[in-house]
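Asks: Supplied in structure tokens, the structure appears directly below.
The values are calculated or read from the model by the stated rules, or taken from the named source; none is laboratory data. Note that this is a predicted model, so its numbers are computed, not measured. All Cβ positions, even for glycine, are placed from backbone atoms using ideal geometry, and neighbour counts span all protein chains on display.
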Amino acid sequence: MKIDLQHQELKGTLPIFYVFLARAGKTITDVSFITLDKSGIPDLSLLSARSKAYTPGVRIAFTSREGGPKQTMFYFTTDLSNDGIKSQPGFMKFCETYDIGGSFLKSSSYLMFVDGFSTVRSFLLNHSKVIVQDDSGIPVSFLNPEKWQLRFFGNYIGPIDLFKQNFQPQLQALYSQSNPPPIDFGFGYRFSRKETTLMFAGA
């Protein structure tokens, strides 16, 4: 995706955010480029953006066109592997300043299936009250049924060939047992609505 977004007339991720906010009926009131230092404190200085010790990002302020409270969206570019978090811990420390919230994972490359991404996996499990994901996010084996109430939608036929080593027999069994309702949209790598996997975990 990073390569694809550099080949467009409007490059990068920001134009996509602008379009989706506009389509959702929002009015953007401010866009500021920021960085996070290693303690997670935001910095508006352009000089800090040149330092590899800082995490670059953007802050978008917006409101609903019909009025309502001001809202803020943050987007950061960072490495969420265990090694990446050790070298640039600012993003995780920034997230820790917010309360328990909702997490959304889609087309996550099955990264949290491996030990090299155990830190972000544990963070999401400990800081989420709701997790919505396809099968490429957190493996279902980590969603302890004593804590998480699981609901399933769509179908599970396993990963695409590129990620076939991440097939989850436990998830297949849960789908067979729960008779999940179908969904009428595509989601994740299996974007055909007949093959789409969608999971809801509530703590």
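Asks: Name the pairs whose Cβ atoms lie under 6 Å apart, with the first residue in region 96-114 and farther than 14 Å from Pro159 by Cβ, the second of a type in the set (Ser, Thr, Tyr) and surrounded by 15 or more Cβ atoms within 10 Å (Cβ to Cβ), and 6 or more positions between them or separate chains?
Replies: Short answer, once both residue conditions are applied: Ser103/Ser128.
Asks: If a residue has to be surrounded by 15 or more Cβ atoms within 10 Å (Cβ to Cβ), over 20 Å from the mean Cα position of the chain (by Cα) and not in a loop (DSSP other than H, G, I, E, B) to count, how many in region 155-203 make the cut?
Replies: Going through region 155-203 one residue at a time, the tally reaches 4.
Asks: Quick one: how many residues across region 54-94 are closer than 26 Å to Ala22 by Cα and not in a loop (DSSP other than H, G, I, E, B)?
Replies: Looking only at that region, the number is 19.
Asks: I'd like to verify a number: residues in region 123-150 that are closer than 23 Å to Pro169 by Cβ and either outside the structural domain of Lys164 (by TED's automatic domain parsing) or more than 14 Å from the chain's Cα centre (by Cα) (or both), how many?
Replies: 12
Asks: Right, next: Scan (1) among the small types (Gly, Ala, Ser); (2) in contact with a Gly (Cβ under 9 Å, 6 or more places away or on another chain); (3) within 25 Å of Asp37 (Cα to Cα) for the single condition Ser108 breaks and write down its number.
Replies: (3)
Asks: Count, please, the residues in region 18-47 that happen to be of a type outside the set (A, V, I, L, M) and without any contact (Cβ under 8 Å) to a residue 12 or more places away in the chain.
Replies: Selection size over region 18-47: 5.
Asks: Kindly evaluate Ser108 against the criterion of being modelled with pLDDT under 95 and of a type in the set (S, T, N, Q).
Replies: Working: modelled with pLDDT under 95: no; of a type in the set (S, T, N, Q): yes.
So Ser108 fails the test.
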